[in-house]
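The values are calculated or read from the model by the stated rules, or taken from the named source; none is laboratory data. Worth saying up front: this structure is predicted, and the values here are computed from it rather than measured. Backbone-built Cβ (ideal geometry, glycine too); neighbour counts: all protein chains shown. The protein model used for the area step is the full one, side chains on, heavy atoms only, and it has no ligands, DNA or RNA in it. Shrake-Rupley method; radii C 1.70, N 1.55, O 1.52, S 1.80 Å.
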Amino acid sequence: MPPVAHARFNVGDVVRHRLFDFRGVVFDIDPVFANTDEWYDAIPEDARPAKDQPFYHLLAENAESSYVAYVSQANLLPDDSDEPVDHPAIGGLFDQYSDGRYQLKREHRH
């Protein structure tokens with residue numbers, strides 16, 4: 001069993017990738033890697049993040065498009081732009097944007 005790592009970010013937080021030019025809003029968190037081996041093996045070996053850390057599901061955007069991203073905690077930083085994320089799925093999960101984060105809609109809270 002991997003050691004327990006604490007998530008640095010919460011659902012609704014806006015974050016950016018530390019190496020690549022994209023940002024997104026967190027909509028789910030895995031306490032440790034929970035994607036496929038094929039996905040993991042597609043990352044160049046010298047850039048593969050450790051599996052024993054939180055991984056975040058993001059509604060992401062870059063200059064060209066919006067998409068869903070899966071990113072390790074080690075590769076994320078807080079986004080301090082105070083700009084909302086432009087992703088078509090945000091309205092289905094979140095109510096409002098204020099103070100650099102989104103509020104999850106009541107029906108999605110548990």
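A few remarks follow.
- Considering (1) more than 16 Å from the chain's Cα centre (by Cα); (2) open to solvent by 50 Å² or more (accessible area, probe 1.4 Å); (3) over 27 Å from residue 110 (Cα atoms), the lone condition that residue 20 does not fulfil carries the number (1).
- Selection from the range 35-51 of residues that are of a type in the set (Ser, Thr, Tyr) and part of a helix (DSSP H, G or I): 40
- Unique match (being acidic (Asp, Glu), touching a Gly at 6+ places or on another chain (Cβ under 7 Å) and either under 24 Å from residue 99 (Cα atoms) or at pLDDT below 95 (or both)) among 61, 45: 61
Results for (1) touching a Lys or Arg at 6+ places or on another chain (Cβ under 8 Å); (2) closer than 20 Å to residue 108 by Cα; (3) open to solvent by 40 Å² or more (accessible area, probe 1.4 Å), shown as yes or no for each residue.
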position: 51; (1), (2), (3): no, no, yes
position: 75; (1), (2), (3): yes, no, no
position: 82; (1), (2), (3): no, no, yes
position: 88; (1), (2), (3): no, yes, yes
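- Enumeration of residues in the range 60-82 that are among the hydrophobic types (A, V, I, L, M, F, W, C), within 11 Å of residue 22 (Cβ to Cβ) and touching a strand residue (DSSP E or B) at 6+ places or on another chain (Cβ under 7 Å): 60, 69, 71, 76
- Residue match in the range 83-104 (condition: part of a strand (DSSP E or B), over 17 Å from residue 22 (Cβ atoms) and charged (D, E, K, R)): yes
- Flag for residue 75 being among the polar types (S, T, N, Q), farther than 22 Å from residue 32 by Cβ and within 14 Å of the chain's Cα centre (by Cα): no
- Taking the numbered list (1) within 26 Å of residue 96 (Cα to Cα); (2) surrounded by 13 or more Cβ atoms within 10 Å (Cβ to Cβ); (3) out of contact with any Pro (no Cβ under 8 Å at 6 or more places or on another chain) in turn, residue 10 passes all entries but (2).
- Scanning the range 35-49 for residues that are farther than 15 Å from residue 76 by Cβ and surrounded by 12 or more Cβ atoms within 10 Å (Cβ to Cβ) yields a total of 3.
- Which numbered condition residue 70 misses (of (1) modelled with pLDDT of 95 or more; (2) hydroxyl-bearing (Ser, Thr, Tyr); (3) in a loop (DSSP other than H, G, I, E, B)): (3)
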